[in-house]
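Just so it is clear, none of the values below were taken in a lab; they were calculated from the coordinates. Predicted model, so just to flag it, every value in this text is computed and none were measured. Here the Cβ positions follow ideal geometry from the backbone for every residue, glycine too, while neighbour counts run over all protein chains shown.
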Amino acid sequence: MDLSRPMSAGDLSVINAAWAEHLVLLWRDRHLTVEQHIGFGRSFGQLEPMSHVAAARDLPAEILVIENDPVLNKSAEAPEPYRQGFQFHPVQWHSDNSYRPVPPKGSALYIRESPPKGGATLFSNMYAALEALPSHLRRQIEGRSQIHDPSLNSANVLRKGARLPDDVSRGTGPRHPMIRRHPVTGRSALYLGRRPYAYVCGYSVAESEALLDQLWRHATNPGFIWQRDGNRPGDLFLWDNRCAMHARDGLDSGERRLAHRVQILGEAPIPG
Ligand SMILES: [Fe+2]
């Protein structure tokens, strides 16, 4: 299937069906311009502007740049993400932008340059995690919401201007259902977002911490995880944030990597 051109309705429905069934799709050896990547993303919905994170780049607002640059990593004048090591540190398990009231439904990541080792993306199936969740844990989260703290990015680095909550039970982030129903498949998935400073409403902070530790241990069990060995230039990933989490291996700060991502507008999480 040629993904560089507008898709036919038939091709799009084949991809949408595969996406709903598999949560994550990967095409390899693709050659996409920036505009073609944007066109691919738009097949699945409206794209969100990423200019707040990709500012100062000569690229359309829909493109989020993820770049590991050995020179910038060492430069005191480089933009913050380079100085913080965000571009080569491991990225912790998360679902994109869960700290917003309306998180994106999906993301399309296109690898333009990549070293042969390091920087691989891992995915965890949150339908499977919920289905295998021990009943005593399920009972503790049924009908409950969690506060998703917005202060850290996915490399656990404090965002510019952000402040860590003194008390997670009074956090400023949105409250999302812990069991989330997928609007397309109708299936329920565990929805955790990210671990740091999260809080399960209705419990004491100590009870919430203990519960979240158990849930995270369960959700990142290797049995729910899928990954390909390393990324290759030309890899195009499409994932669903409503039923999958992702993480990324670290990479050598001296290795060059460049990826572009577009983010597809979602809907407020539906309790499942
Ligand atoms: Fe992410």
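Could you give the semi-axes, largest first, of the ellipsoid that matches segment 9-267, computed as the square roots of 5 times the alpha carbon gyration tensor eigenvalues and rounded to whole Å?
Each semi-axis is √(5λ); the values are 29, 23, 17 Å.
Under 1.5 on a/c is rounded, so check that first for segment 22-126, then, if it is not, pick prolate when a/b is larger than b/c and oblate when it is not; a ≥ b ≥ c are the square roots of the alpha carbon gyration tensor eigenvalues.
It is rounded, given that a/c, with a ≥ b ≥ c, falls under 1.5.
For segment 9-267, with only Lys/Arg (+1) and Asp/Glu (-1) charged at the beta-carbon, what is the dipole magnitude about the Cα centre, in debye rounded to 20?
340
Roughly speaking, what is the centre-to-centre gap between segment 87-137 and segment 1-43 when only Cα atoms are used, to the nearest Å?
19
Can you figure out the FRET efficiency of ARG139 with ARG228, using R₀ = 30 Å and their beta-carbon distance, to the nearest 0.05?
Efficiency for this residue pair is about 0.25.
For every helix of n ≥ 4 consecutive DSSP H residues, a contribution of -39,500 (n - 2.57) applies; sum these over the chain, divide by its total residues, and give [θ] at 222 nm rounded to the nearest 500 deg cm²/dmol.
My calculation for the chain gives -6000 deg cm²/dmol from helical runs alone.
Show which aspartates and glutamates lie in cross-link reach of LYS74 when reach means a straight Cα distance below 19 angstrom and same-chain residues fewer than eight apart are skipped.
Within the straight-line limit of under 19 Å, LYS74 reaches these aspartates and glutamates: ASP252, GLU255.
At 0.36 nm per residue, and after removing the present C-alpha to C-alpha distance, how many nm does the segment from GLU131 to ARG42 gain when stretched out fully?
The span from GLU131 to ARG42 would gain 28.9 nm if fully extended.
Return the single residue from ARG42, ARG163, ARG28 with maximal mean-square fluctuation; model: Gaussian network over the chain, springs between Cα atoms under 10 Å.
ARG163
I want to verify a result. In a Gaussian network model of the chain, Cα cutoff 10 Å, which of these has the top mean-square fluctuation: LEU47, LEU192, LEU158?
Highest fluctuation among the options: LEU158.
Connecting C-alpha atoms closer than 10 Å in a GNM of the chain, tell me which of GLY254, GLY202, GLY161 has the biggest fluctuation.
Comparing GLY254, GLY202, GLY161 in the GNM, the peak value goes to GLY161.
Give the relative contact order (percent, whole number) for segment 132-272; include only Cα pairs under 8 Å separated by 6+ residues.
For segment 132-272, the relative contact order is 28 percent.
With Cβ to Cβ distances under 15 Å as the rule, what net charge do the other residues near PRO134 carry (K, R +1; D, E -1)?
0
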